[in-house]
1. From the list 78, 95, 55, exactly one residue is within 11 Å of the chain's Cα centre (by Cα) and either surrounded by 14 or more Cβ atoms within 10 Å (Cβ to Cβ) or at negative phi (or both). Which is it?
2. Give, as residue ranges, the strands (runs of 3 or more DSSP E) completely inside region 40-121 that count at least 1 residues that are hydrophobic (A, V, I, L, M, F, W, C) and under 26 Å from residue 7 (Cα atoms).
3. Could you tell me whether any residue of region 60-67 is surrounded by 14 or more Cβ atoms within 10 Å (Cβ to Cβ), of a type in the set (Asp, Glu) and over 13 Å from the mean Cα position of the chain (by Cα)?
4. If residue 3 meets every condition in (1) among the small types (Gly, Ala, Ser); (2) modelled with pLDDT of 95 or more; (3) closer than 13 Å to residue 70 by Cα apart from one, which number is that one?
5. Restricting to region 9-41, what's the tally of residues that are loosely packed, with under 10 Cβ neighbours inside 10 Å, free of Cβ contacts under 8 Å to residues at least 40 places away in the same chain and more than 19 Å from residue 66 (Cα to Cα)?
6. Restricting attention to region 28-48, report how many residues are at negative phi and at pLDDT 90 or above.
Amino acid sequence: MASVAVPTPVPGRGVFTGRLFSTTVNGPIGARSVRLAPVFRAAPESEDGAYVLDEGRSPAATTDANGVFVFPDLEVTEYVLLIAVAEGQHELITESSGKPRVWKVDGGQVTNAGEVRVAYP
């Protein structure tokens, strides 16, 4: 199995990668659209926030046959990850508490989400 090359991030920009895995079929989910939506907070230290998925501007990627996705050139901010479940419909990746899972992408760094486990094919 060939793996996706993860590029070296440029200063001031970040890279986000991970692997989408189905607990339903016990295997990777290939050829699936994944999106990132930036998180906006009222104050930098606030726990509360909102995310906005803009179909025209939010970063998008497609998983390879091994379920691997890479977003190679991202603005430095916090993101939530959404998985396409149907045309124009996305499912938000959440913590076990039900709250959105938020990842921080830092400049010059690769943020690895690891294995993102979901209960659908």
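The values are calculated or read from the model by the stated rules, or taken from the named source; none is laboratory data. If you're wondering where the values come from, they're calculated on a predicted model, not measured in any experiment. As a convention, Cβ positions derive from the backbone with ideal geometry for all residues, glycine included, and neighbour counts pool all protein chains shown.
1. Values: 95 fails: within 11 Å of the chain's Cα centre (by Cα); 55 fails: within 11 Å of the chain's Cα centre (by Cα).
Answer to the selection: 78.
2. On the way: elements: 49-51, 60-62, 68-74, 77-86, 89-92, 102-105, 110-118.
Per the criteria, 60-62, 68-74, 77-86, 89-92, 102-105, 110-118.
3. Looking for residues that are surrounded by 14 or more Cβ atoms within 10 Å (Cβ to Cβ), of a type in the set (Asp, Glu) and over 13 Å from the mean Cα position of the chain (by Cα), one finds at least one in region 60-67, hence yes.
4. Failed condition: (2).
5. Of the residues in region 9-41, 0 are loosely packed, with under 10 Cβ neighbours inside 10 Å, free of Cβ contacts under 8 Å to residues at least 40 places away in the same chain and more than 19 Å from residue 66 (Cα to Cα).
6. First, the residues of region 28-48 that are at negative phi: 28-30, 32-48.
In the following step, the residues that additionally are at pLDDT 90 or above were identified as 28-30, 32-41.
Total meeting the criteria: 13.
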